Amino acid sequence: MEKTKQKYNLFTGKALFLLIFPIVIEAALSMSLGMVDGLMASYAKKGAGDDILTAITDVDQISSLIIQLFTAFGVGGAVITSQLIGAGKVEDANKSAKQLLVIMLLISLVFTGICLALNHQIISLLFGGAGEETKRNAYIYFYINSASFPFLAVFQSCAALLRAQRKSMNTMMSGIISFFLNIGFNAVFIYWCKLEIAGVALGTLLARIFPAVFTLFLMTRKGNMVRLKIFEKFRFDGKLLKRILRLAVPSGIENSLFQLGKILVIVFISIESYNFGDTNFHTAANSVAANINTVSSIVGNGINTSILTVIGQAVGTGDIGSVKYYIKKMLFISYIGNACCVAFTFAMSPLLLNFYNISGDARTIAWHCLLLCLPVQFVTYPLAFGMPAVLKANSDMKYVMLSSIFSMLLMRVGLCYVLTCDWAGIHLGAMGLWIGMVADWGLRGTLFLGRYLRGHWKKSSGLLKDYPDYGDSEIVAEHEVEKLFCDNAR
């Protein structure tokens, strides 16, 4: 008898498109904003483009360290919420949402206080080898930028919860409005008010307030399946908080150490440039190449975010066949999207480089860095960054954390140090950083693919035994999960 092929309907083609497309657009706007900010900032003061751009990039690395922590908690909240929705535990999902928002807001306030109080000490510790003008700009930019952390925390938590409910169109709209607000504020503060780097920072701060308020409002609406009740009495739920932290802490450690590694390698090339009289053109080249390279990963990042919702809900149904089916489908979509985006970036890079107000040496080095990384990204990106999203959606956070840290320390930091430090005598500058980065991509992809093929992720997700996290409730079938969303839409 011929075996009938199983059909999975948890996410129809239309449902996947409506989930992924808005997230990709949002990611495109968010990542392009860094490039636009750098481009506008490079013209903020005549003859100081390299110093200003370097200061912004240095501070953005510190800010990203904090943002990655917020993102990790958002990932933990999204995975828990998606799995609870998949299991039909909507009330628990509502409780989990409130726990996530409160804990992220408290953490963000602590980090804001530390960064405001220790502004000069942090900049001097990490970028003490930079020029005085670069450090002066960094102090100003970091001080204003730190005030935006609580708004980022609110947005990250609310956006993750909206995506878990397949409401990514809402987060896309907030991203579109925020994007144009940022550009508008930059134009006013930089070119009309002549505030130079302070204008860039103020534009970023004001543009981050809107999406935080907007998404928080959306999460309070009565029509939501998962809803935040702001004025309802709150107390910490130890069980739910433990589940969120069990997923968020490993992801937070991974993301934070990964970002710390990126800061360290920038420190390496800053010190080398300072020691060998290369001014800031190596760090400026790295900044521009990194800004342009963000374009190549826009689609991939959007799909990776979507993976958390898709695979998380599939895990919630308790059907291992469904989980495998959607893993393969999402990775296939990731490869197609990544290939198109990398090809577009490669074609546009020469034009984009000419827009930046940087020295000729910096522009040449940036082009060489892009020539190195873009061809490698064709193959490695979905495995290096899509596959860990798959593992995270299956609650396999610890393996992702340990593998990412190992790869980062060995390749991104260790190899970069050898290729840039004084004692090795190689002195590749920015190119050494990018060689270490692509080597990191390759090792990450190998480790994560091996984990998936060996099947150990099934134990973390609970798919090899009775599902552990939902008490006595039964795991609902795919069509019942889809019915929840249809009823909610009505």
Would you tally the residues in region 324-340 being more than 14 Å from ILE20 (Cβ to Cβ) and either of a type in the set (D, E, K, R) or at pLDDT below 90 (or both)? 2
If you take the residues of region 169-188 that are out of contact with any Phe, Trp or Tyr (no Cβ under 8 Å at 6 or more places or on another chain) and of a type in the set (Gly, Ala, Ser), which of them is surrounded by the most Cβ atoms within 10 Å (Cβ to Cβ)? GLY175
Within region 357-377, count every residue that is at pLDDT below 85 and more than 10 Å from ALA285 (Cα to Cα). 1
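From the list SER157, SER174, SER124, SER168, exactly one residue is touching a helix residue (DSSP H, G or I) at 6+ places or on another chain (Cβ under 9 Å), farther than 30 Å from LYS14 by Cα and polar (S, T, N, Q). Which is it? Quick ask: steps written out before the conclusion?
Numbers: SER157 fails: farther than 30 Å from LYS14 by Cα; SER174 fails: farther than 30 Å from LYS14 by Cα; SER168 fails: farther than 30 Å from LYS14 by Cα.
Exactly one of SER157, SER174, SER124, SER168 is touching a helix residue (DSSP H, G or I) at 6+ places or on another chain (Cβ under 9 Å), farther than 30 Å from LYS14 by Cα and polar (S, T, N, Q), namely SER124.
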Inter-residue pairs, beta-carbon under 9 Å, first over 16 Å from SER460 (Cα atoms) and in region 315-332, second crowded, with 19+ Cβ neighbours inside 10 Å and of a type in the set (Gly, Ala, Ser), 6+ apart: SER322/ALA314; TYR325/ALA314; TYR326/ALA314; MET330/SER306; MET330/GLY386; MET330/ALA389; LEU331/GLY386
For region 167-205, which positions are within 29 Å of THR220 (Cα to Cα) and among the polar types (S, T, N, Q)? SER168, ASN170, THR171, SER174, SER178, ASN182, THR204
Collect the residues in region 238-265 that are within 13 Å of GLN61 (Cβ to Cβ) and among the charged types (D, E, K, R), keeping them in residue-number order. LYS262
Could you run through region 214-237 and say how many residues are free of Cβ contacts under 8 Å to residues at least 12 places away in the same chain and either closer than 21 Å to SER30 by Cα or in a helix (DSSP H, G or I) (or both)? 1
Hey, can you tell me all the residues within region 398-409 that are within 21 Å of LYS324 (Cβ to Cβ) and within 16 Å of the chain's Cα centre (by Cα)? VAL400
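Does any residue of region 390-406 turn out to be out of contact with any Pro (no Cβ under 6 Å at 6 or more places or on another chain), aromatic (Phe, Trp, Tyr) and closer than 18 Å to THR446 by Cβ? Full working, then the answer.
In the first step, residues of region 390-406 are kept if they are out of contact with any Pro (no Cβ under 6 Å at 6 or more places or on another chain); the result is 390-396, 399, 402-406.
If we keep only those that are aromatic (Phe, Trp, Tyr) as well, we get 399, 406.
Still in the running and closer than 18 Å to THR446 by Cβ: 399, 406.
Checking region 390-406: at least one residue is out of contact with any Pro (no Cβ under 6 Å at 6 or more places or on another chain), aromatic (Phe, Trp, Tyr) and closer than 18 Å to THR446 by Cβ.
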Which ones in region 400-412 are crowded, with 22+ Cβ neighbours inside 10 Å and of a type outside the set (Lys, Arg)? VAL400, MET401, SER404, SER407, MET408
Test: residue in region 226-242 that is hydrophobic (A, V, I, L, M, F, W, C) and either farther than 21 Å from LYS89 by Cα or touching a Cys at 6+ places or on another chain (Cβ under 9 Å) (or both): yes
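The values are calculated or read from the model by the stated rules, or taken from the named source; none is laboratory data. Since the structure is predicted, the reported quantities are computational estimates derived from the model, not experimental observations. Every residue, glycine as well, gets a Cβ built from its backbone with ideal geometry; the counts of neighbours run over all protein chains shown.
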